[in-house]
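Each remark here refers to the structure printed beneath this line.
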Amino acid sequence: MKKVFNLTAWLIVLIPLTMQAQNLQENERTMSQGSKPGFSMNIDDISTKEVERLWIEYLKDTKAKTKKDRKTDEVFADDASVPAISSNLMDVYATFTERGKQTEMVVWVDLGGAFLGRRQHPEKIDAFEQWMTEFGRRTRVRKVEIELESEELIFKDQKKEFDKLIKEEERLKKEITDAEQRINQAKKELEINAANQGNRRQEMERQQVKIQEVETKKKRIE
């Protein structure tokens, strides 16, 4: 079972995931630095908390100083290095909002004096989309990993119950073996008992004869 799920995970890793980039929508969004062009993306069937954790982990590749602002709920990456997008260091802001079974992720990129936008920086958009596509791929991989973990937990519970049944079978077989041994022992004891009864019966019969002889002897004396 594990090999099947691992294969599934690798297949998802290898499939080009362009859909995430296609889902990137640019809109003016209000954030801590005011109303700025931001890029939103919906991520399906994975918890908002997990998406946020994956993003913070993803940002480690940029060597940025990352922290979460509890007041604005923004994850801020200071001085992120993504050479494919810009030769300069960037500040990256992101928010994560739960919307049913989806997580809406919004990303703002401060290139240093200006925020990334399609009209303002058309030459950087492809690289940015590829960067976000890679993150989308990682969320897809993590989704399969979570599915795999869930299936493995089910298998673990099933194996636990199966092992209990095996132990129960062993206990019952031992009880049967012990019972058979007791029955065989009881049969032997019955045979001995029957033999002893026969011996005692013969002894009793001989004793009755002796009693009768003594009674006869007594009558003669009287």
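Odds and ends about this structure:
- Residue that is modelled with the highest pLDDT [pool: residues in segment 20-43 that are over 13 Å from Val107 (Cα atoms) and either loosely packed, with under 14 Cβ neighbours inside 10 Å or of a type in the set (Asp, Glu) (or both)]: Gly34
- Of all residues in segment 143-164, exactly one satisfies the criterion of being closer than 27 Å to Asp44 by Cβ and among the polar types (S, T, N, Q), namely Ser150.
- In segment 61-76, the residues that are of a type in the set (A, V, I, L, M, F, W, C) reach residues that are assigned to a loop (DSSP other than H, G, I, E, B) with C-beta atoms within less than 9 angstrom, at least six apart or across chains, in these pairs: Ala64/Ser81; Ala64/Leu89; Phe76/Ser32; Phe76/Ala64.
- Only residues that are part of a strand (DSSP E or B), touching a residue at least 40 places away in the same chain (Cβ under 8 Å) and touching a Ser or Thr at 6+ places or on another chain (Cβ under 9 Å) were counted across segment 28-37, and they come to 3.
- Every residue from segment 54-66 that is open to solvent by 50 Å² or more (accessible area, probe 1.4 Å) and either touching a His at 6+ places or on another chain (Cβ under 7 Å) or closer than 12 Å to Thr95 by Cα (or both): Ile56
- Residue check for Ile46: open to solvent by 50 Å² or more (accessible area, probe 1.4 Å), of a type in the set (A, V, I, L, M) and in contact with a Ser or Thr (Cβ under 7 Å, 6 or more places away or on another chain): no
- Residue check for Gly136: small (Gly, Ala, Ser), in contact with a helix residue (DSSP H, G or I) (Cβ under 6 Å, 6 or more places away or on another chain) and open to solvent by less than 80 Å² (accessible area, probe 1.4 Å): yes
- Conditions (1) surrounded by 15 or more Cβ atoms within 10 Å (Cβ to Cβ); (2) at pLDDT below 95: number failed by Met1: (1)
- Residue satisfying all of: in segment 82-119; polar (S, T, N, Q) and free of Cβ contacts under 8 Å to residues at least 60 places away in the same chain; farthest from Gly34 (Cα to Cα) among these: Ser87
- Only one of Lys167, Lys173, Lys159, Lys218 that is open to solvent by 80 Å² or more (accessible area, probe 1.4 Å), modelled with pLDDT under 95 and part of a helix (DSSP H, G or I): Lys218
The values are calculated or read from the model by the stated rules, or taken from the named source; none is laboratory data. Computed from a predicted model, the values in this text were never measured in an experiment. Heads up, the Cβs are rebuilt from the backbone with ideal geometry, glycines too, and the neighbour counts pull from every protein chain shown. Side chains included, ligands, DNA and RNA excluded: accessible areas come from the protein's heavy atoms. Shrake-Rupley method; radii C 1.70, N 1.55, O 1.52, S 1.80 Å.
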